[in-house]
Amino acid sequence: MVSDVHGNARDLARAGDGADALVCLGDLVLFLDYADHSRGIFPDLFGVENADRIVELRTARRFAEARELGARLWAGVGEDRAALIERAVRGQYAEMFAAFPTPTYATFGNVDMPDLWPEYAGPGTTVLDGERVEIGGRVFGFVGGGLRTPMRTPYEIGDEEYAAKIEAVGEVDVLCTHIPPEVPELVYDTVARRFERGSRALLEAIRRTRPRYALFGHVHQPLVRRMRIGGTECVNVGHFATTGKPWALEW
């Protein structure tokens, strides 16, 4: 089980060793590494100094200034912004999907571009979003993406649309999402020093349907990596980009 891979293809290729299946909870793309500002699409295009500055602004929650800086930088790029980003993302996806073992079950993260996934997901990779599947005799439900934020990452959706996907999954043994339930200890990032967006609909579904496990990622350095909500074990299985180690689910 992995989440927030963010370009770590080397460790991803070994993540499924000895397991019946690999489950990936999204964020394959690396736009900007907050720990190493020299890595990612952003510094490749605009340099490390600009990456340092935009991380500083975002960490201080000065999102309007960060957007203004981004707009100035993009204005100086001759090529179409969307085309430039898509080409960079395609390069990362080719590497990431080639590293997936068979079988892999995956859903989208908030920085992913779902429209591109069908081109790269091979026959051994099953992509699910608002859907259920049986793995090893247990029912797993998958809900991808994130909720809307000032960061405006590629796959953010409205609360109602997200809640509808949670509802479509229904009762499962293992509920797999990219973002955590809206619990302060699970959504606060101790390094970024901010609360990320969790889902209240997900929290309510956990309380109502009581899956055995609720697994997620998204928050890279959470205040708490696991806790119980009623009878459900809630676990943040990331941050794979840094640790390179999968989280093992054993029955």
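The values are calculated or read from the model by the stated rules, or taken from the named source; none is laboratory data. The structure displayed is predicted, hence computed values, not measured ones. Heads up, the Cβs are rebuilt from the backbone with ideal geometry, glycines too, and the neighbour counts pull from every protein chain shown. Areas reflect the complete protein model, heavy atoms only, side chains present, ligands, DNA and RNA absent. Shrake-Rupley method; radii C 1.70, N 1.55, O 1.52, S 1.80 Å.
Taking the criterion of being over 24 Å from Gly136 (Cβ atoms), open to solvent by 10 Å² or more (accessible area, probe 1.4 Å) and either modelled with pLDDT under 95 or part of a loop (DSSP other than H, G, I, E, B) (or both), the residues of region 164-191 that qualify are Glu182, Val183, Thr190, Val191.
The number of residues in region 100-118 that are among the charged types (D, E, K, R) and free of Cβ contacts under 8 Å to residues at least 12 places away in the same chain comes to 1.
Matching residues to (1) touching a residue at least 40 places away in the same chain (Cβ under 8 Å); (2) open to solvent by 60 Å² or more (accessible area, probe 1.4 Å):
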residue	(1), (2)
Phe63	yes, no
Gly70	no, no
Trp74	no, no
Gly78	no, yes
Ala83	no, no
Glu95	yes, yes
Ala98	yes, yes
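Residue selection: Leu223 satisfies the criterion of being open to solvent by 10 Å² or more (accessible area, probe 1.4 Å), of a type in the set (A, V, I, L, M, F, W, C), at pLDDT 95 or above and in contact with an Asp or Glu (Cβ under 7 Å, 6 or more places away or on another chain).
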